[in-house]
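The values are calculated or read from the model by the stated rules, or taken from the named source; none is laboratory data. Values in this document were obtained by computation on a predicted structure and should not be read as measured data. Positions of Cβ are backbone-derived with ideal geometry, glycine not excepted, and every protein chain shown enters the neighbour counts. Keep in mind that these areas ignore ligands, DNA and RNA; they rest on the heavy atoms of the full protein, side chains included. Shrake-Rupley method; radii C 1.70, N 1.55, O 1.52, S 1.80 Å.
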Amino acid sequence: YQFNTSDIVATKGDGNVAKDAMELINVVPNPYYGYSEYENNQLDNRIKITNLPQIATISIYTVSGTLIKKLKKDDAMTSIDWDLKNHAGIPIASGVYLIHIEVPGVCERVLKWFGVIRPPDLDSF
């Protein structure tokens, strides 16, 4: 048997591959029903936006178009956490949100996310 691997190589800077990879970006859990495995304690609310490239800008909007929060990613991690708070640190309301992911020089993607936020239970401590 003979084989050759000279034509099998990872490509860098290929726009088509990057656009295909944008389809893998996801938000988890979706839908969010008051709890996720990423949370550390009862006061922590957290979701992840996964399969992100190294550089990306994530903007989170209400369905009426109000900007809730903007997250900038510039590291080797493939995900980013959102604490379900707006830009002022106030917890968001339950409902549908639009998550706009922009990767400079590649393309953009919009995800829909639904969340039911639980009220904080401070009596259980």
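Structure notes:
- Subset of region 74-90 (residues that are surrounded by 12 or more Cβ atoms within 10 Å (Cβ to Cβ), assigned to a strand (DSSP E or B) and of a type in the set (D, E, K, R)): 81, 85
- Members of region 52-63 that are aliphatic (A, V, I, L, M), surrounded by fewer than 16 Cβ atoms within 10 Å (Cβ to Cβ) and not in a strand (DSSP E or B): 63
- Only one of the numbered conditions (1) open to solvent by less than 80 Å² (accessible area, probe 1.4 Å); (2) in contact with a helix residue (DSSP H, G or I) (Cβ under 9 Å, 6 or more places away or on another chain); (3) in a strand (DSSP E or B) is violated by residue 49, and that is (2).
- Here residue 118 meets each of (1) surrounded by 12 or more Cβ atoms within 10 Å (Cβ to Cβ); (2) assigned to a strand (DSSP E or B) with one exception, condition (2).
- Note on region 1-34: among residues that are among the β-branched types (Val, Ile, Thr) and at pLDDT 85 or above, the one that is farthest from residue 84 (Cα to Cα) is 25.
- Residues in region 75-125 that are under 21 Å from residue 20 (Cβ atoms) and among the hydroxyl-bearing types (Ser, Thr, Tyr): 78, 79.
- Region 91-106 - residue that is modelled with pLDDT of 90 or more and open to solvent by 30 Å² or more (accessible area, probe 1.4 Å) and, of those, farthest from residue 119 (Cα to Cα): 102
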